[in-house]
Amino acid sequence: MSTSFTFNEIHQQPAMWRKEFRTMLAAKAEISAFMHKYLTPETDVVLTGAGTSAFIGDAICPIMRGMWHANVRAVPTTGIITHSRYVLDPERPLLLISFARSGNSPESLGAVNLANKQCSRIAHIYITCNKEGKLAKQAVESQKSKVESNILLLLLPEETDDKSLAMTSSFSTMLLTCLMLGRIDTLEQDEPMVEKAARNAEAVMADYETRLQEIASRPFERGVFLGSGALKGIAEECHLKLQELTDGAVVCKFDSFLGFRHGPKAVVNDHSIVVYLMTGEEEVNRYERDLVRQVDSNNRPVAQVIVIAGEAPDMGEVKADLVVRMPYGKTENEFYGIVSYVLVGQLLGYYASLAHGLNPDAPSVSGNIHRVVEGVTIYE
């Protein structure tokens, strides 16, 4: 096994998901009581984080809205810091769900402080990987000092506090945790779906990793990731993984399948790789197939990696470099399957980083990006 943190953190994900399921199930009573107290029909729910942590909210927001039948929004902490007056309604109860690998970024702490100042009826859920982080310590202190704390701390397995620059197991396990949070009252029923997601991820590594490594070694300069619905948020995370792990040598875009036609398709050329994250919902998949055919007819030299649900869709004359089988989207509660898709972007990023002569654990040669963001001043 590689000594790279990034390699190990990518490959440990199925084990982390199983471990986190057991942790959540053991804490079911406490979590359920908190949710029933603070999540009401009048509650505004804001999913927040910065960078990769913000993409969690982007991916699962429509799913959580359907689960809770509440006003759920995904707003980055960076947006709360600069425009809190448009995000936080002091007249309504707020449940702020913060995703944070380290729990130490200035925006995470600043967003929590702003929300506490502006909203009198507020509760927090901290989903974080670092028990020594400021958010985790704040939650512990709150529980000590108050008869009934308004903070629920969901601390992930310590292995998910990724040591590498790029978030991998931290992203996927935080995402999975929030999905389980939405199903907490009947969580024991969901073990087969969580197990299926873990097995899908293991299948990607066992069956497709070598081919992904070969594709990542090709001399491409642009990467495009497309997804529909929740998978657009996963595409967003995949695009960042490939871009940051290559230190910007590969510039990446993401979009929805339908949205891509409206201008962004101009980025595709014969130095591009296009990755399609396709759902198993036929009424959606028909639009996805149309876009794939159109891109192919206009850009024959493009290298294409197609991530599909179940059986390979009819692509006509399209010849894919790689078809990854990823069953998701056909039955109830299959939303857990979205978490497995991120493996393709992570592995492409890892092997492209090596192909560019970089250290995947610390790919930023210039020092432009850091594991915990630096240089941010939070003003009163």
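What the table shows:
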item	result
Phi to ³J(HN,Hα) by Karplus 6.51 cos²θ - 1.76 cosθ + 1.60 over region 88-98, Hz, x for Gly, Pro	9, 9, x, 8, 10, x, 10, 10, 9, 9, 9
Contact order relative to length of the chain, as percent, for alpha carbon pairs under 8 angstrom and 6 or more apart	19
Dipole-positive endmost among Ala74, Ile63, Gly345 within the chain (Cβ charges, Cα centre)	Ala74
Residue-by-residue Karplus 3J(HN,Hα) for region 151-162, coefficients 6.51, -1.76, 1.60, Hz, glycine and proline x	10, 10, 9, 10, 8, 7, x, 4, 5, 7, 7, 3
Packing-based exposure ordering (other Cβ within 10 Å, fewest first) of Thr48, Thr23, Thr43	Thr23, Thr43, Thr48
Val251, Val302, Val204, Val339 arranged by Cβ crowding within 10 Å, fewest neighbours leading	Val251, Val302, Val204, Val339
Cβ charges +1 (Lys, Arg) and -1 (Asp, Glu), total dipole of region 1-69, debye	280
Footprinting exposure proxy for Val365, Val112, Val318 (fewest neighbouring C-beta atoms within 10 Å first)	Val365, Val318, Val112
Karplus-derived HN-Hα couplings along region 62-68 (A = 6.51, B = -1.76, C = 1.60, θ = phi - 60°), whole Hz, x at Gly and Pro	x, 5, 5, 4, x, 5, 9
About the Cα centre, charge dipole magnitude for the chain (Lys/Arg +1, Asp/Glu -1 at Cβ), debye	520
Gyration tensor verdict on region 192-355 (Cα atoms; rounded if a/c is under 1.5, prolate if a/b is larger than b/c, oblate otherwise)	oblate
Dipole magnitude of region 11-149 about its Cα centre (Cβ charges: Lys, Arg +1; Asp, Glu -1), debye to nearest 20	320
Normalised contact order of region 5-190, rounded percent, pairs of Cα under 8 Å and 6 or more residues apart	27
CD proxy at 222 nm, helix term only [per DSSP H run n ≥ 4: -39500 (n - 2.57); per residue of the chain; nearest 500]	-14500 deg cm²/dmol
Cβ-derived FRET efficiency at R0 56 Å, Ser120 paired with Ser4, nearest 0.05	0.75
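Taken together, the values in this text are just the output of simple stated rules run on the coordinates, not laboratory data. Since this is a predicted model, take the numbers as computed values, not measurements. No Cβ is skipped: glycine too gets one built from the backbone with ideal geometry, and neighbour counts run over all protein chains shown.
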